[in-house]
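Written out below as structure tokens is the structure these notes cover.
The values are calculated or read from the model by the stated rules, or taken from the named source; none is laboratory data. Predicted model, so just to flag it, every value in this text is computed and none were measured. Neighbour counts are summed over all protein chains in view; Cβ atoms, including those assigned to glycine, are modelled from backbone coordinates with ideal geometry.
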Amino acid sequence: MDLTRRPRRLRGDGVRGLVSETSLDASDLVAPIFVDATTEERVPIESMPGHERVPISEAVARVEEVLATGVEAVLVFGIPESKDERGSRAWAQDGVVQEAVRRISAETDAYVITDVCLCEYTDHGHCGVLASEARERWEGGAHDGDGDGLTVKNDETLDLLARTAVSHVEAGADMVAPSAMSDGQVGAIREALDDAGHENVPVMAYAVKYASAFYGPFRDAADGAPAFGDRRHYQMDPANRREAMRMAARDAEEGADVLMVKPALPYLDVVADVRREFDHPVAAYNVSGEYAMLQAAGEMGWLDVTESAYESVLSIKRAGADLIITYFAEDIAAALE
Ligand code: PBG
């Protein structure tokens, strides 16, 4: 054997780090947190071991735990004390996210991002205003959606999302992240923020959001499962890769500052595409199901959670994400220390 090419030469300790192409840093990571107005105590989230819903009184303490690991940004989700037809607690001044964010921004240095959606706030669990025919069908006992795009009214939802975003920013949010998949949501929010004098607050668009089974544990965590039907008439078809480019381009035109792809691991091709086609920062959301499956395998003793989580999040970075929203943020940052 006379091998001139021996890639193993660069794999030894000492040189391995020098030739490494990708690295993770705590400053790349965003930690989602759940604030729950229905509880006075922390409640473990069964489907997401290691995560809890915290009461408003513990929101600052929860964020301090995140900051102590080196992670500097949080994505805040709220579970309101009550739900109604239009999700009015989403934009209430004394709503759960508003109250929590007011405290977090006053008492910590965290960079605070809020998820802007209505599904945790509506009694039907959909991400926008329900068509009256859909409501009648649901109240009549139907459990299927109509699937024809008419269950959630797109245009009527925009103003509610815009109001919600403005209320989050007025409470102190540094960035808003609309996730309702209403057409025009980024533009509506941008305009409302500008009109209210918040032209410097960036919008991170859930630009490419698929209708994914991997959101299962989150719906449990944030109590936002649709009471009937599903989200396929507003979230994207997992079969579609080219459509992702149209979604990202549309949100970029409407003024999105950061373009997100969600979920992350089953869609790394899409993360790479968005990275290649756009100059914007790209975010990827390593969602609840991606977290839960590693935790479950870890509990069975089938894999090492810390190592497989690191490898997963590194792969999302390698595919082209600049920032990664992950339930592993704290674990990974602590391991990087
Ligand atoms: C709200 C929202 C969801 C997630 C983030 N924002 C649920 C959904 O769209 O069904 C999912 C996050 C996760 O699974 O970790 N619309």
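Values as computed for the structure displayed
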{"item": "Condition check for residue 63: more than 16 Å from the ligand (Cβ to nearest atom), under 19 Å from the mean Cα position of the chain (by Cα) and at pLDDT 95 or above", "result": "yes"}
{"item": "Selected residue [hydrophobic (A, V, I, L, M, F, W, C) and more than 30 Å from residue 164 (Cβ to Cβ)] from 3, 67, 75", "result": "3"}
{"item": "Lone qualifier among 319, 239, 272, 335 - being farther than 26 Å from residue 70 by Cα and touching a residue at least 24 places away in the same chain (Cβ under 8 Å)", "result": "272"}
{"item": "Positions within the stretch 1-55 being outside any loop (DSSP other than H, G, I, E, B), farther than 25 Å from residue 335 by Cα and under 23 Å from the mean Cα position of the chain (by Cα), in sequence order", "result": "35, 36, 43"}
{"item": "Candidates 21, 52 - the one that is free of Cβ contacts under 8 Å to residues at least 24 places away in the same chain, touching a helix residue (DSSP H, G or I) at 6+ places or on another chain (Cβ under 9 Å) and among the charged types (D, E, K, R)", "result": "52"}
{"item": "Failed criterion for residue 321 (all others in (1) among the hydrophobic types (A, V, I, L, M, F, W, C); (2) within 27 Å of residue 247 (Cα to Cα); (3) in a helix (DSSP H, G or I) hold)", "result": "(3)"}
{"item": "The listed residue being assigned to a loop (DSSP other than H, G, I, E, B), of a type outside the set (Phe, Trp, Tyr) and buried (at least 19 other Cβ atoms within 10 Å of the Cβ), out of 71, 112", "result": "71"}
{"item": "Residue within the stretch 180-195 that is closer than 28 Å to residue 269 by Cα, within 13 Å of the ligand (Cβ to nearest atom), surrounded by 22 or more Cβ atoms within 10 Å (Cβ to Cβ) and not polar (S, T, N, Q) present", "result": "yes"}
{"item": "Matching residues in the stretch 225-244 - criterion: being surrounded by 22 or more Cβ atoms within 10 Å (Cβ to Cβ) and either part of a helix (DSSP H, G or I) or away from the ligand (no atom under 16 Å from the Cβ) (or both)", "result": "244"}
{"item": "Which listed residue, of 116, 166, 176, is more than 16 Å from the ligand (Cβ to nearest atom) and modelled with pLDDT of 95 or more", "result": "166"}
{"item": "Residue satisfying all of: in the stretch 211-224; within 16 Å of residue 126 (Cβ to Cβ) and more than 8 Å from the ligand (Cβ to nearest atom); surrounded by the most Cβ atoms within 10 Å (Cβ to Cβ) among these", "result": "223"}
{"item": "Matching entry among 205, 221 (being in contact (Cβ under 8 Å) with a residue 12 or more places away in the chain, within 23 Å of residue 263 (Cα to Cα), assigned to a helix (DSSP H, G or I) and within 15 Å of the chain's Cα centre (by Cα))", "result": "221"}
{"item": "Considering residues of the stretch 273-291 that are near the ligand (Cβ under 9 Å from one of its atoms) and assigned to a helix (DSSP H, G or I) only, the residue surrounded by the fewest Cβ atoms within 10 Å (Cβ to Cβ)", "result": "289"}
{"item": "Count - residues of the stretch 72-98 that are more than 16 Å from the ligand (Cβ to nearest atom) and out of contact with any strand residue (DSSP E or B) (no Cβ under 8 Å at 6 or more places or on another chain)", "result": "7"}
{"item": "Subset of the stretch 257-272 that is assigned to a loop (DSSP other than H, G, I, E, B) and under 26 Å from residue 221 (Cβ atoms) - its residue that is farthest from the ligand (Cβ to nearest atom)", "result": "264"}
